[in-house]
Amino acid sequence: MADIIRLLPDHVANQIAAGEVVQRPASVVKELLENAIDAQSTDIKLIVKDGGKTLIQVVDNGIGMSDTDARLSFERHATSKIQKAEDLFNLHTKGFRGEALASIAAIAHVEMMTRTAEDEVGTHIKIEGSKVISQEVAVVPKGTSMMVKNLFFNIPARRNFLKSDQVEFRHITDEFHRVALAHPQVSFSFYNNGSEVINLPANDFRKRIVQIFGRKTNEKLVPLNEETQVVKITGYVQKPEFAKKSRGEQFFFANDRFIKSPYLHHAVLGAFEGLIKPGMHPGYFICLEVDPATIDINIHPTKTEVKFDDEHTLYAYLKSTIKHSLGQFNVAPSLDFEKDQNLETPYDFRDKAVSLPSITVDSSFNPFEKSGTNNASGYSRQPSAKGWESMYHGLERKLPQRDIGILEMESEGINNTIFDTSVETQESVTTTFQLRKKYIVSTIKSGMLIINQSRAHQRVLYERFLKNITIKEAVSQQLLFPLNLNFTRGEISILKEIKESLCAVGFVFGDITPETVEVKGVPVVVTESEVQMVMEQLISDFQMEVAEDSFSQVDMLAKTLAKTLSVKTGEVLDERSQVGLVNDLFACKESALSPFNKRTYTTITETDIDRKFI
Ligand code: ADP
Ligand code: MG
């Protein structure tokens, strides 16, 4: 047989490798920003157009490149950052693989201008799909400007796979934040489609955080400071009372590099244990400094996951450092901390001249109502009772008198079809009880009906929201005093994306600034104290999962609202609410499943029960 193995031509090898390095425009942004940092720049400008699909440009004032280096930098495995394998154990740079520029040049139109401090003139190179188009001498400022145009121009499948400009822009912003946070001493500016997104003068870490996440962040930060032989821990955690429903601001940096570490994240959560409610997420900006020899950043091609030599020790140190700092903060004369979470109004009362009377805004809320009663869990639906009950207005009319007693459902058939709501004769359930604050149990002709309260309510709310959105007839309650809610710039941009759908479910917005949103009206099922939490949840869901078209956006919105606002396991429901919920569930189009495709109820027939008595 003839030999059939061939070495791939460089440009093909580069294209294949590019698949690893460049997943989306944000990956290019990351590589270019890191190269600029490695080149000791003190001022870096990022310019993008159309979510980075048309243009990504990074201009730096770093060391630049000689004309030979400029040409070489686009070769695979061409790097100035390491020379031998041992250097991998003493890395002080972001890059070291010498792959990024070669990969990027294989799948885009690239133009580079660069000059070193010693040279009087610089170099201008154009490369398209790994092919050098031109290399000329040029009069350019010291430093490097990298322009990456028409990403994936020669791989249509990858180009088509890209998400909307807004989504890609969001990913770019995330990368930008990570690099900008890791290097507060460098000044950054960021332009999108011709206008400035943010301008960050050189600063210290705390101020950089505040520059990016907004003025409000400052008061939330608790500093960390611990130096041991293994690690130096600095940075900030956010005070427990500012924990959010969404995972928003959580950053680890190891030796000035943004990293992800589920293990260390767990250490942080451990330190916050008992200080925040389950399901809430603390914010943190934690910098770890370790000996470069004890850290392996090689395990992941995009390099956000790292391996520490002694993770267990690190875990322990981190946890105790945070605990210590939180403890110190706690003894400080701050009354905030012991406050009931629900009293912590999510918006700024102090900005209002008439703050005292505005307490009446949330009249349903009484923090003392439940204390000392038999509600051992301390967890109740009380703060949102207003919204919850409003769902069941008019219920009385629908229900037969209570003294009718157990009324059995008429419909015949087997398990799942028994509740087919198309059956006209369906009767309302009237007697229910709650089992373990989780299930609602009722009787039916064939035996017993067991409903998962949380899933059932999700289904009810989901269909209601969908309907509201489709018929554009959301019921909104006007707020007496508009709320001014604070968000980060990133969150605000997501909010703008989904604003129309939010209005469709009943939110009414006033002014939106880069960091605040004025909320003038909310859907009836949302109470004022829940607004911030609900909006945070919505934003975080949209951050995690990207809605492609307007239908899926609406669907996702309805699901998130349903999930966030539904009664949860552990909540006590009075009998009226139980009955209402059951009847509403079976009035749904798809009562058997939650919006997340989980069973909402099950039945146990008399035969099932009989069998147990054999
Ligand atoms: P790596 O960063 O892993 O070394 P890259 O492909 O990103 O690989 O870059 C190749 C080389 O090009 C770098 O090692 C560096 O010498 C040079 N280089 C890239 N970008 C810049 C820049 N902005 N300023 C100066 N030199 C640069
Ligand atoms: Mg690099």
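The values are calculated or read from the model by the stated rules, or taken from the named source; none is laboratory data. Small disclaimer: the values here were computed from a predicted structure and weren't measured. Glycine gets a Cβ as well: all are built from the backbone with ideal geometry, and neighbour counts include every protein chain shown. Note: areas computed on protein heavy atoms with side chains; ligands, DNA, RNA excluded. Shrake-Rupley method; radii C 1.70, N 1.55, O 1.52, S 1.80 Å.
A few points about this structure:
- Flag for Glu128 being open to solvent by 20 Å² or more (accessible area, probe 1.4 Å), more than 13 Å from ligand 1 (Cβ to nearest atom) and of a type outside the set (A, V, I, L, M): yes
- Exclusive hit being open to solvent by 50 Å² or more (accessible area, probe 1.4 Å), free of Cβ contacts under 8 Å to residues at least 12 places away in the same chain and over 19 Å from Glu500 (Cα atoms), set Lys563, Lys589, Lys612: Lys612
- Test: Arg178 is outside the structural domain of Leu275 (by the TED database) and modelled with pLDDT under 95: no
- Subset of region 140-177 [open to solvent by 20 Å² or more (accessible area, probe 1.4 Å), closer than 15 Å to Gln57 by Cβ and out of contact with any His (no Cβ under 6 Å at 6 or more places or on another chain)]: Pro141, Met147, Phe169, Glu175
- For Ser41, the conditions (1) among the small types (Gly, Ala, Ser); (2) more than 11 Å from ligand 1 (Cβ to nearest atom); (3) assigned to a loop (DSSP other than H, G, I, E, B) are fulfilled apart from (2).
- Residues of region 69-83 satisfying the condition of being free of Cβ contacts under 8 Å to residues at least 12 places away in the same chain and more than 8 Å from ligand 1 (Cβ to nearest atom): Gln83
- In region 432-447, residue most open to solvent (accessible area, probe 1.4 Å) [restricted to those that are hydroxyl-bearing (Ser, Thr, Tyr) and in a strand (DSSP E or B)]: Tyr439
- Taken together, Ile539, Ile498 contain a single residue that is within 26 Å of His177 (Cβ to Cβ) and in contact with an Asp or Glu (Cβ under 6 Å, 6 or more places away or on another chain), which is Ile539.
- Qualifying positions in region 249-302 - among the hydrophobic types (A, V, I, L, M, F, W, C) and over 26 Å from Glu31 (Cβ atoms): Ala267, Val268, Leu269, Ala271, Phe272, Leu275, Ile276, Met280
- Scanning region 92-129 for residues that are within 12 Å of ligand 2 (Cβ to nearest atom) and of a type in the set (A, V, I, L, M) returns Ala100, Leu101, Ala102, Ile104.
- Wholly within region 448-536, strands (runs of 3 or more DSSP E) carrying at least 1 residues that are polar (S, T, N, Q): 476-486, 516-523
- Selection from region 1-31 of residues that are open to solvent by 10 Å² or more (accessible area, probe 1.4 Å), within 16 Å of ligand 2 (Cβ to nearest atom) and hydrophobic (A, V, I, L, M, F, W, C): Ala17, Val21
- Residue check for His183: buried (at least 16 other Cβ atoms within 10 Å of the Cβ), within 22 Å of the chain's Cα centre (by Cα) and not assigned by the TED database to the domain that holds Phe253: no
- The requirement of being more than 39 Å from the chain's Cα centre (by Cα), near ligand 1 (Cβ under 10 Å from one of its atoms) and surrounded by fewer than 23 Cβ atoms within 10 Å (Cβ to Cβ) is satisfied by Thr116.
- Count of residues meeting criterion [open to solvent by 80 Å² or more (accessible area, probe 1.4 Å) and near ligand 1 (Cβ under 7 Å from one of its atoms)] in region 56-68: 1
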